[in-house]
Amino acid sequence: MLKLLKNLSKKEWLFAIFCVILIVGQVWLELKIPDYMSEITVLVQTEGSKMNDIILNGGYMVLCALGSLIFAVGAGFFASYIASEFSKNTRKQIFDKVQNLDTEEIKNFQTSSLITRTTNDVTQIEMLIAMGLQLLVKAPITAVWAITKILNKGWQWSAVTGVAVLILLGVITMLMIIVIPRFKIVQKLIDKINGLARENLTGIRVVRAFNAEKYQENKFDETNDKLTNMQLFNQKKFAIMMPVMYLIMYGLTLSIYFIGAGLIQDSPLASKIALFGNMIVFSSYAMQVIMSFLMLAMIFMMIPRAGVSARRINEVLDTKQKIVPGTFDKETKEKGTVEFKNVSFKYPDADEYVLENISFKVNQGETIAFIGSTGSGKSTLINLVPRFYDATEGEVLIDGINVKEYKPEILNNKLGYVPQKAVMFAGTVNYNISYGENGKETSETKIKEAAKVAQASEFIEKMDDKYETHIAQGGSNVSGGQKQRLAIARAIARDPEIYIFDDSFSALDYKTDAVLRKELKNYTKNATSLIVAQRIGTIMNADKIVVLDSGKCVGMGTHKELLKTCDVYKEIALSQLSKEELENA
């Protein structure tokens, strides 16, 4: 947790100092009130005392109370400001870190857990700072100050106060031993609840189509009940604190008065008034001591849960990026070339390679396609180009330079990437097509031109607000084919050197697919295209086709060449088209 607190700015540390000063002033004023109360008690019991003196001391008590209130409000303001700034900065740090993590690292954490760490875990620490900054300073100062004021008032009272404190600390220690181990379980259960809710909302259509609502409810209820029972257990144990605290406080007050009554009874008449005044003062200060330890107990109960949250946040922030950004940002001699040199890839901790010894080169203006059975490594191969993963062995070169050497923004600006699953963001059609920063201005004309090439302009023009029509998050208000065409338009609008289509035509009908590819070929004749596809019709006109089988290249050439030389390709082709169609292609 201390590691996270180092991120506070100089301004926030200055506010923390102001907060401490205000708390010290608040404690001093609160501890002055019993002194004036003792003075009033003595004046009331002393014959010949003037009413003005009693009123004056009462006025001082009121002023101390008002001053304490003002200081408390000031301290609360500064503490809340520091906590909210810490929360804002920490959430930004986590978000920025996650943005730079590679696909594998994000999968290790899970999306639901990252959301919990960014929200609930940060809130736990924010609450600790907001309350802890005040109570951690106030409680020890109050306890020490109050104890110094009552030490010379009577050893009997001091002894009974010490016993009360020990009992309170004993109860607190037992509660912490029982409850602390369960805080980590609570945070993990919150992760799971978040994950189940996301899963259900994302797959709501499938859930309904398969009448699986009850199954999903039972799954959620099981985890929710575990979380509820764990929280109930913790809260029931914490609930013991209040009755124990009141029992100790009232028991201590009763003990002080009981001991005081005996001392006053056995003392000479002249000392009775002084003893009575001391008893009143001691009783007030003893309550301050008990309340101080109780405040510390509250904080000590918050610290373990905040500590668990801090460790979870640091797990994200301390994650070392396996994909290290390069520094190359100069002009290259080559343009639009992609080359794989003996590339092999396997996932971390995996025994088998997903890709083995893949080599090919594609030049500017050419189209290379990748085909193979499901699980043959097509998408994995494509993902090595934008560095979603790094090759385990060999080199991936863009324009003659290893992708590992490029600055991320320079590499990304060379690419127009269309993922297997089209992603839409909440915003307008214009916003989705012109999405991102590629160092070039995306004009209205460019957006419409990209939409036309992607065969998206037809359905966009039919929308109520055309290019200003709102697209819901995830594109839930457009069809799968429309999402794919908008995603393709987004890549075209970037005007990149290299296009990457990761099975990006699968949701299109054959007619739209054919027209789109024809328009795309004419529009991007100076750009290089990398296409992953399942349909032979989508790739048969490619300049080069790479056939993958179990991560190995089993064929490379044109459509006609592969029909003669590659059995795997021929088998795929015959499963989709007749011999006549293949011969006439």
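Values quoted throughout were computed directly from the atomic coordinates according to the rules given, and no laboratory measurement underlies them. All of these numbers come straight from a predicted model, not from anything done at the bench. All Cβ positions, even for glycine, are placed from backbone atoms using ideal geometry, and neighbour counts span all protein chains on display.
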Worksheet item: How many nm is it between the label spots at Leu56 and Tyr246, if each spot is 7 Å from the Cα in line with the beta carbon?
Response: 4.1
Worksheet, complete the sentence: Among Leu530, Asn108, Ile433, the residue whose Cα sits farthest towards the positive end of the charge dipole of the chain (+1 at Cβ of Lys and Arg, -1 at Cβ of Asp and Glu, taken about the Cα centre) is Asn108
Discussion item. Need one number: nm distance between label points at Tyr215 and Glu571, each 7 Å from Cα along Cα→Cβ, rounded to one decimal.
Written reply: 3.2
Fill in: Helix 269-317 axis, angle to the chain major axis (alpha carbon atoms, nearest 10°)
10
Worksheet item: Given a Förster distance of 45 angstrom, what is the FRET efficiency for Phe388 paired with Leu69, based on the Cβ-Cβ distance and rounded to 0.05?
Response: 0.20
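Given the Cα-Cα distance of Met127 and Lys407 and 0.36 nm per residue of separation, how much length would full extension add, in nm?
96.9 nm
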Worksheet item: Asn89 to Gln321: FRET efficiency via 1/(1 + (r/R0)^6), r the Cβ-Cβ distance, R0 30 Å, to the nearest 0.05?
Response: 0.90
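Quick one: work out the % antiparallel among DSSP beta bridges in the chain, nearest 5.
Beta bridges within the chain, antiparallel portion: roughly 50 percent.
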Worksheet entry | Structure-based [θ]222 nm, the chain - -39500 (n - 2.57) summed over DSSP H runs of at least 4, per residue, nearest 500 | -21500 deg cm²/dmol
Discussion item. Let me spell out the model: positive unit charges on the Cβ of Lys and Arg, negative unit charges on the Cβ of Asp and Glu, origin at the Cα centre of the chain. What dipole size does that give, in debye rounded to 20?
Written reply: 700
Worksheet item: Given R₀ = 51 Å, FRET efficiency for Lys361-Leu232 by Cβ-Cβ distance, to 0.05?
Response: 0.20
Worksheet, complete the sentence: Length gained, Ser373-Asp464, 0.36 nm per residue minus C-alpha separation, equals 28.6 nm
Discussion item. Can you give me the angle between helix 213-239 and the longest principal axis of the chain, using Cα atoms only, in degrees from 0 to 90, rounded to the nearest 10?
Written reply: 20
Worksheet item: Which percent of Cα-Cα pairs in the chain sits in each 20 Å bin, short to long?
Response: 15, 34, 24, 16, 9, 2, 0
Worksheet entry | Pairwise label distance in nanometres, Leu166 with Val144, each label 7 Å out on the Cα-Cβ vector | 2.3
Response to the item:
In nanometres, the difference between 0.36 nm per residue of separation and the alpha-carbon distance of Glu437 and Val423 is 3.4 nm
